[in-house]
């Protein structure tokens, strides 16, 4: 579900790139030629380069390439499976129902992104640059909706405003027979906007805080009016961050399954699922999945081509004055109402609904024993995926960090592909692939774990990579020269020093798996339930009380994972000791 | 120094023949030949980026040469079809950044290279730590030590497995000036006591001259001259070496029968070719005498305390440098002087063919 947060933090957009720069400049060598980007790095002589000159050992290369291929193969198979139906493909692609699904998806993605950008930028600006009362408090509460997986948010919405929801049952005695329907586009739009605007807000907040106020002052001193300064100076500086946030929102909306399926809005992910579970011929599901994958690729490619310049658009980090505070004047009250309303809707309502249904369930004698089994299921399968994911990440990371070059870059990039694709498409690809080539694994836990590894490998790669970049290759060389083989050096020097990164990778993969919904739904063995599938299933059948306890557990889990990400982001600059 | 000179016929500890290494299109080492006798200290001296660290890494086995051979003792460790991994070369190395393992305490760091048996005994780690005078801190972690202490731990760690050869990469560059001078003598003492052959890389001439038995000067990825410090300073084999190591005066001249004619008259020649040459002499060999009718005038004086550097412009517009030790002997800027070269000069083949084009200084 919000695994795109991982994309945000780990795709080399922020942390990785910054770490790299820190690493190189932090070495503080007098004879360092020039600040090294990715390109100069490849050509540099050894003192500046971590042993990358030597050709990577063959076994390592084969292992890494194998892992990279394993993450890509199922996707390739999805294409084959979709094309197998021959001309039937065109029949499916061009039928009116497909067109309406496509339009639904596009409209939803567009409107959610627009809504998120408006809310996100406004809140970021209000909490950073104005005299809004209790700015710190609002900055925190408006970010917190990130901890709600979309299906939990949808559960909250349905549980509150649905036909048998909280509001309805409270209003029933007052003679209200029927609330306006929450299902369909309005509900899906509301849920997704409320739970994705923090991506924009966080990204813009960072840019606003990084913006050197002297730039604005300089523009003012050169005779520009305040609104023009905002348009000519501030906004261009915010554009890359808005861009980055919006990309996350688009990808999130495209890949979201929980909210659209629970709110019964027929976008791609829901249509794929319906086709997959109800139709005998699964070609339609494959074709739809392929279309969704292509749509995602188009967006990623467009973004990639536009990214080039934007990435280095950040202002310098010299000592500077705190940003100028804009007095809100008569807009203070409306602004206050706005942030309160957003916080209430995105955070207050869901938490209230969860607690409300928890109590309703308790009073109605809802049994909690089954939840223990389900939580245990989640724990076991996520734990296995975490260990497998970190183990699979190691060869990729060692290759990428210690032997930078074409091969290692390709391998690393490959692992990101599946991660940026909708989980339902990846799951479907695995279903087809498994049914055809490894029927023994079909509907097994192993298959589910494999899907988790593919989906969340970049989270592990990102954490391991960051911690390995902080590790001077001289340490490993010292180990070799002191007479230990490379394997033993890995064991006695590299691994112990990378422990924080390893733990972080384990935690991130584990927590992401706990929250994963579509792949679990499609690939899980029959009768196998996790917290996520339980919330989804119970909400769909309007057993809100049954969904409350798992939802509460998952919110806690998400909160922990979010906290880890932020702690890491902040700590990544200050671990100079191991350099 | 003398007993070392007497033992010159010792066995070779390290030998490099025709070493070449490129990184992509960029050459790092081009045909380096090097030979170090057992028990001697060799300094690889050169400006930044000349490839000296690469030579060290090639010897250690951290890089694989494109061409050439490396021998440690009697064994060929790198060459055509041969590449002994670093852990089997019995070579110790002290890294510029020390590379102490941050998760191990000082004792465990020092013991890292020992066999499991020796580690359990704990004797050898103790021995090397006392050799560098750091037994007292064996339970501390690396980041709790000062830079100088870390450096000595790195040295102890490298010495612990009793390597035949120890390599030091810019060993003093991360230390402040005062510490550097003290540690230099200390490290020299420790290495002599451990009776190892050492190769160290530096860009600091003073460090190389004071610490090494022999210096290999490396410029532009090539080793241009290997000699004792004294010979290297007094008899540099090329213009390049002469300017790199210390100050030098150059003048065009014509050599014949062991003497050179130049604008300072006919000077005896210590070594060099016949014909059109460029002569070199050190500033301390140029003696100035105050003389109203002398052919030169002092245009600049830099006073350093123990000595001073004077620049003299000759009537021919040539500028010469003179280093005077001791008191100033009344020489001031603007004063006219007579000049005399006090020792035989070195002659190089004239680099330009046409002596007039030689621009001797700077």
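With both partners inside the protein assembly as shown, how many of the DSSP beta bridges are antiparallel, as a percent to the nearest 5? List each step's numbers first, then the result.
Numbers: 63 of 84 bridges.
Within the protein assembly as shown, antiparallel bridges account for around 75 percent of the total.
Ranked highest first by average number of other Cβ atoms within 10 Å, how do A:356-365, B:336-345 line up? Could the numbers behind the result be given before it?
Details: A:356-365: 14.9, B:336-345: 17.4.
Highest to lowest by the protection proxy: B:336-345, A:356-365.
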Between the range A:171-242 and the range B:85-101, what is the C-alpha centre distance in whole Å? 54 Å
In degrees between 0 and 90, to the nearest 10, how far off the longest principal axis of chain B does helix B:177-194 point, with axes built from Cα atoms? 60 degrees
Spin-label model distance (nm) - residue A:80 vs residue A:369, 7 Å beyond Cα toward Cβ: 4.8 nm
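Classify the range B:13-102 as rounded, prolate or oblate from the Cα gyration tensor: take a ≥ b ≥ c as the square roots of its eigenvalues, call it rounded if a/c is under 1.5, otherwise prolate when a/b beats b/c and oblate if not. All intermediate terms of the calculation are to be shown ahead of the outcome.
On the way: a/c = 1.24, a/b = 1.03, b/c = 1.20.
Rounded, since a/c falls under 1.5.
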Output the 0 to 90 degree angle, nearest 10, between the alpha-carbon long axis of helix B:147-159 and the longest principal axis computed from the alpha carbons of chain B. 60 degrees
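Decide, for chain B, between rounded, prolate and oblate: order the square roots of the alpha carbon gyration tensor eigenvalues as a ≥ b ≥ c, take rounded if a/c falls under 1.5, and otherwise choose prolate if a/b is larger than b/c, else oblate. Mind dumping the intermediate values first?
Working: a/c = 2.79, a/b = 1.84, b/c = 1.51.
Here chain B falls in the prolate category.
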Calculated FRET efficiency, residue B:117 and residue B:139, Cβ-Cβ r, R0 25 Å, to nearest 0.05? 0.70
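Provide a whole-number value for the mean count of partner chain Cβ atoms within 10 Å of the Cβ atoms in peptide A:468-481. Intermediate results must be reported in sequence, preceding the final value.
On the way: counts 0, 0, 0, 1, 5, 2, 9, 8, 2, 8, 16, 6, 9, 19.
Per residue, the number of nearby Cβ atoms from other chains is 6 on average.
Which order, highest average first, do A:385-392, B:175-182, B:294-301 follow once you tally other Cβ atoms within 10 Å for each residue and take the mean per peptide?
Values: A:385-392: 22.5, B:175-182: 13.1, B:294-301: 17.0.
So the peptides A:385-392, B:175-182, B:294-301, ranked by packing, come out A:385-392, B:294-301, B:175-182.
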Would you mind giving the mean number of other chain beta-carbons within 10 Å of the Cβ of each residue in B:20-29, as a whole number? 3
State, to one decimal in nm, how far the label point of residue B:69 lies from the label point of residue B:231, with both points 7 Å from Cα in the Cβ direction. 2.4 nm
Would you please put A:224-232, B:221-229 in order of how densely packed they are, using the mean number of other Cβ atoms within 10 angstrom per residue and starting with the highest? B:221-229, A:224-232
Would you mind pulling out the separation of the Cα centroids of the range B:279-338 and the range B:207-234, in Å? 28 Å
Describe numerically, in nm with one decimal, the distance between label points set 7 Å from Cα along Cα→Cβ at residue A:225 and at residue B:263. 7.2 nm
Given a Förster distance of 51 angstrom, what is the FRET efficiency for residue A:181 paired with residue A:391, based on the Cβ-Cβ distance and rounded to 0.05? 0.60
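Quote the FRET efficiency, to the nearest 0.05, computed for residue B:176 versus residue A:341 with a Förster distance R0 of 60 Å and r equal to the Cβ-Cβ distance.
Numbers: r = 60 Å, r/R0 = 1.01.
Computed FRET efficiency for residue B:176 and residue A:341: 0.50.
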Other protein chain Cβ atoms within 10 Å, averaged over every residue that makes up A:482-488: 6
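Can you tell me how chain A classifies by the Cα gyration tensor, rounded, prolate or oblate, using a/c under 1.5 as the rounded cut? Don't skip to the answer; put the middle values down first.
Details: a/c = 1.67, a/b = 1.15, b/c = 1.45.
Judged from the Cα gyration tensor, chain A comes out oblate (a/c at least 1.5, b/c at or above a/b).
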What share of the DSSP beta bridges in the range B:247-356 is antiparallel, in percent to the nearest 5? 95 percent
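Just for chain B, what percent of DSSP beta bridges are antiparallel, to the closest 5? Walk me through the numbers before you get to the answer.
Details: 63 of 83 bridges.
Looking only at bridges with both residues in chain B, the antiparallel portion is about 75 percent.
Read-outs: derived from the displayed coordinates by stated rules, not from any lab. Since the model is a prediction, treat every value here as computed from it, not as a measurement. Glycine gets a Cβ as well: all are built from the backbone with ideal geometry, and neighbour counts include every protein chain shown.
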